[in-house]
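One structure is given here, and the rest of the page talks about it.
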Amino acid sequence: MLKCRTAWKKLAPLARASSTVCRQNVRRTGLTNGRIPALVPAAHMSTGPAGGGGGENRLYFALVGAAFVATGIYAYRTVKGDKQRYQERIDEISSRPSKATESDPEPPAAEAPETAAVEAAEPEAVPEPEPQAAPSAEEPSPSAPDAEAAAPSETTEPPPEPSAPSEPSPADLTEPPPAPVVESEPPAAAAAAESPAAEPAEPQPEVVAESAVEAVPALPKVPSHTPYLLIGGGTASFAAARSIRARDPNAKVLIVTDEPDLPYMRPPLSKELWFSDDPSVTDTLRFKQWNGKERSIYFQPASFYISPEELDSAENGGVAVLTGKKVVHMDVRGNKVKLDDETEISYDKCLIATGGVPRNLQVIERAGDEVMKRTTLFRKIEDFKALDKVSRNIQSVTIIGGGFLGSELACALGRRSNESDLEVIQMFPEKGNMGKVLPEYLSNWTTAKVKREGVKVIAEALVKSVTCKDDKLEIQLKDGRLVKTDHIVAAVGLEPNVDLAKSAGLEVDSDFGGYRVNAELQARSNIWVAGDAACFYDIRLGRRRVEHHDHAVVSGRLAGENMTGANKPYWHQSMFWSDLGPDVGYEAIGIVDSSLPTVGVFAKATAKDTPKAATEESGTGIRSESETEDTAVSPVASSLPAPVVQQNKDDYGKGVIFYLRDKVVVGIILWNVFNRMPIARKIIKDGEEHADLNEVAKLFNIHED
Amino acid sequence: MSPSESPCKDRIIFVTREDHETPSNAELIAEDPDDPYEEQGLILPNGDINWNCPCLGGMASGPCGSQFKEAFSCFHYSKEEVKGSECIDNFRNMQECMQRYPELYPQEEDKAESNSGSASDPPTEGSALPSETDSAPASSEPESAVPSDSMSPTDDQTAS
C-alpha cells in the first residue's frame, strides 16, 4: 500500500535524524525529557569526562544505538496502530465533499511537523518541540498555501507525540482571526494528511481530518468556536446561560450536553411529577406548581434556543444547545475541547457544569446482570420514565437510601401504592429518614410520617448481598433479615463528574469530591465550575460542595456573572427544601448536618401549618385532601430550655432548628414555617455568636402564618 | 422515645405565643445597601438596571432580549413628562419580536400594549428562586410587575 511505502520512506530519515538528534541532545542538556537522561545518563554533561575517554565513547555509541532501536520499535508500533485509524480518517474525508470552515487547525498541524522537523526533535516524544513549534508556527501565515508547501516539503517525521504538539500551534493560530482559505484547504488537507501518513504523529491527521469533517455541510453542525462554552446541560448551566445573556448583550452561548434533552429542572422528577393526575405526564412532563399553575420541567421550550448551526451568524446572539454530545477532552492551554465524535470546539470562556452520576452499591454492581436489570439509579428524565413504567407492573419495589431522594421517592411511590397493590419498602443504614440531616428526634418524627404514606421502612439496614431468584430479587441484610422484592431503586448518593480533570489539569477535591474552585467559582483562567460538580470556597461557611437545586441556580448565575467580568464571590446563600407528603415540609439553608449540635425552638402546629395549607392561604390552592384537623394552637407547657418530657411525639409541628458550629449558627431549618427564608439567610450571613437562640427564634414569628 | 438522646447535642425548646411576644433582643448586623457582594435588586446602586435580576426572569436573555433591554432602558432613563412616551418605537419592536415567539411570550392583549414598561405579560420567561420571592427588589418601579417564572418549582410568584 502506498502508506506502507511512505512509512518506510519516512522511517529511514527518522532513523537518521534520531541518531543525529540524539547526539545533539546529549549536548543540549536542559532541554530534554526525562527519558533521555535515563538512557544517556553518564554522557550527559560532556563527551569527554574526567575518566576514560575511550570507554566513554563506546558507552556513548552503545546508548545512541539503543536509543535508535527504541525509536524504531516505538515508531513501528505507533505506525501499526495508526494505520487503521488513519485509513478510517481518509475514508471519511474522501467520502464527503469538504469545504473549509477554518483552516486553523490544519495549517498548524502541517506546520507543527515541519517546525518539529526543523527543530530536530528527538524520537522519544519529548514535549520540547511544542513550545518551539508554537512560536515558529506563528511566523508562517496561517493560510492553506503554506500548509501545502509545508506538507510536501516534510522529510522528517516529528516524534510520536500525544496531542501536545498540535495543540499550542492551533491555539496560537486561533487567536489571530483566521483567514480561511476555502479552496486550498481540501487539497491541503489531503496533502497534509498524506505526509503525516504513517507518522507516529497521532494528532495531526486527526486535527486535519476534523477540520475537513467539520466543514462538510453547508453550515457546520457544530460551531468550531464559541465565546461562551457551557459543558453540561443542567440547572447550573442554564442559569449561567441566562446570566451571561443578561449581562453581555448579544452573547453567543453554546451548551453541550450528553443528554438528549434540553435543560430541565430536577426536583419535580421525584416530587410533583409523581403526584400528577395526568396519565400522559411521562410524555408531557408537566406539573402543577404551588400556586396551581402548570408548567413544564423544561426551563424553556425549544423556541427559546437557537440551533448550533445558527449560533455563529446570529446577530443578537443566543443560546444554542448541542444535545447527545459528550466532551471527552479539554485543552486548557489551547482553550478548546474535544467531543466524543472528535469535533473540536474552541472557546473564550468555559463553564464546567457536569453535575454527577448516581452512585451504586458495590453489592449490586457485583451481583450481575439480572440484578442490574432490575435496579434503577435515579437521576434523569429517562430514569423517571422507566421507574414510572416499572412501578405499574410490579408488586414490590425497594428503595435503598434514606436521604432526600430516597425518602421523596419512597413517599411518592407510597402514595401510588394506595391505588395499586404496590408494596413500597425503604431501607437505609441510619436510624431514621434524613438521619444525616435532621436531629434524631425529627428524624424519627419524619420516619413515622413516611410510614404513614404507606412505606415499609427498614432502618439500620446494611445490604450484604443481592441475588436474583425466580425473577425476584432477594436482598440479604447484614443482620440476617431477607427482603424479597421485584425492583430496586438505589438512592445512595451522587458521584460528581470530574472526567475532564485529567485532560484539563484541574484540581479535584479529596474531601468533598468535585472540581476545586475558589470563592469566585473559578478553577483556572477562563474556566469556571458550578452546580453539583463544584467544590467551592464559601466565605462564610468554608469549603463545601452542595448538591441542591437552588445552589445550582445560584452558583450557575454567579458563574455566568463572573464569566462576564463580575468577579463576585459566592455570597448569597442558597437554600433547599423538601416535602415528604402533605404534612412534612421544610426549608433549609446553610450547613445542615445532624452531627452538629442543634437547638430547636418549636410551637405546636395547627392544621394551618402544613405545606398544603401555606398554599391554600395564598388563595391559589392545590387540591386538598381530607385531613384530620389538629387541635387549636394552645401553647405547650414549658418555655424553659429543657426538653419537655410530657410532649407527645407529634408535637414538632412547626419551628426553627439552628445548627451550630463553634457557637455560630451555620445552618437553619424552617420546619413547617414558610416565607421566612430571608431572615434565616441574614442570620447565617452575619455569622454572629448569639447567647440566647430563643431570642433569635423570635425573629421568625413562628406562631404567625 | 425521649426527644433527645444526648441533651447537650440537640436542645429542644417549646415556646408559647406569649413567650415570643416580647421583641427579640438578638442583634443583627446592619445591611449595607451598596455591598457589591449582595444580590442586587432591579435597580443597581448607581441607577442602572440590573438585567440579571431574577425578577426579570429570562426577559433580558431570551430571543427578544435586546429589544426588551432597549425598550426598558429607554423607559427607565426617560425624562419626559409622560415617562417613556418617546419609547413607543422600542416597545413596538419588542412587541413584534415577542409575537414571533408566542410560546415564550403568550400574548395578552391588555397588558401587551402597556407603555409603562411593564413587561408583565411575558410570563413563562424569567425565573426567581424561592429565595428571591422573599427578597423581591424593593426599589423597583411601580410598573415593573414583571412576573418571574420559576426556575424553582416551589416559587410562589406567578408565572402568569
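Rounded, prolate or oblate for the range A:454-559? Axes are the square roots of the Cα gyration tensor eigenvalues, ordered a ≥ b ≥ c, and the cut-off for rounded is a/c under 1.5.
Numbers: a/c = 3.10, a/b = 2.50, b/c = 1.24.
Cα axes put the range A:454-559 in the prolate bin.
Computed over the range B:39-107, the P(r) curve from all C-alpha pair distances, binned at 10 Å from the origin, holds 22, 45, 30, 3 percent per bin. Using a cut-off of 12 Å between beta-carbons, work out the net charge of the residues near A:THR282 (Lys and Arg +1, Asp and Glu -1, A:THR282 not included). Around A:THR282, the surrounding residues sum to -1.
Per residue of A:430-441, how many C-beta atoms from partner chains lie within 10 Å of its own C-beta, taken as a mean? Don't jump to the answer; show the numbers that get you there.
Details: counts 0, 1, 0, 0, 0, 0, 0, 0, 1, 7, 8, 7.
The shielding value for this peptide is 2.
For the chain pair A and B, the interface hides roughly 6600 square angstrom of accessible area in total, found with a 1.4 Å probe.
Of the beta bridges in the range A:215-302, as assigned by DSSP with both residues counted there, near 50 percent are antiparallel. In the complete set of protein chains, residue-level accessible area for A:TYR298 is approximately 60 Å², probe 1.4 angstrom. The Rg/Rh ratio of the range A:314-438, with Rg taken over Cα atoms and Rh as the Kirkwood radius over Cα pairs, comes to 1.11. Residues of the range A:297-314 buried by at least 20 Å² of accessible area upon assembly of all protein chains, compared with the chain on its own (1.4 Å probe): A:PHE299, A:GLN300, A:PRO301, A:SER303, A:PHE304. Taken as Cα centroids, the range A:463-493 and the range B:59-109 sit 59 Å apart, rounded to the nearest whole angstrom. Distance between the modelled labels on A:PHE61 and A:GLU370, one decimal in nanometres: 7.0 nm (7 Å Cα→Cβ projection).
Within 10 Å, count the other beta carbons around each residue, average over each peptide in B:24-32, B:8-16, and list them highest first.
On the way: B:24-32: 12.1, B:8-16: 19.7.
Per-residue mean Cβ counts within 10 Å order the peptides as B:8-16, B:24-32.
The mean number of Cβ atoms from other chains found within 10 Å of a Cβ in peptide B:51-58 is 5, as a whole number. For peptide A:227-239, the mean count of partner chain Cβ atoms within 10 Å of a residue's Cβ comes to 1. Only beta bridges with both residues in the range A:419-485 are counted; by DSSP, about 70 percent of them are antiparallel. Using a probe of 1.4 Å, the accessible surface attributed to A:MET575 totals some 0 Å² when neighbouring protein chains are kept in position. A viscosity of 1.306 mPa s and a temperature of 10 °C, combined with the Kirkwood radius over C-alpha pairs in the Stokes-Einstein formula, give the range A:416-489 a diffusion coefficient of 119 µm²/s.
The values are calculated or read from the model by the stated rules, or taken from the named source; none is laboratory data. Computed from a prediction, not measured in an experiment: that's the story for all the values here. Glycine gets a Cβ as well: all are built from the backbone with ideal geometry, and neighbour counts include every protein chain shown. Surface areas here come from the heavy atoms of the whole protein model, side chains and all, with no ligands, DNA or RNA. Shrake-Rupley method; radii C 1.70, N 1.55, O 1.52, S 1.80 Å.
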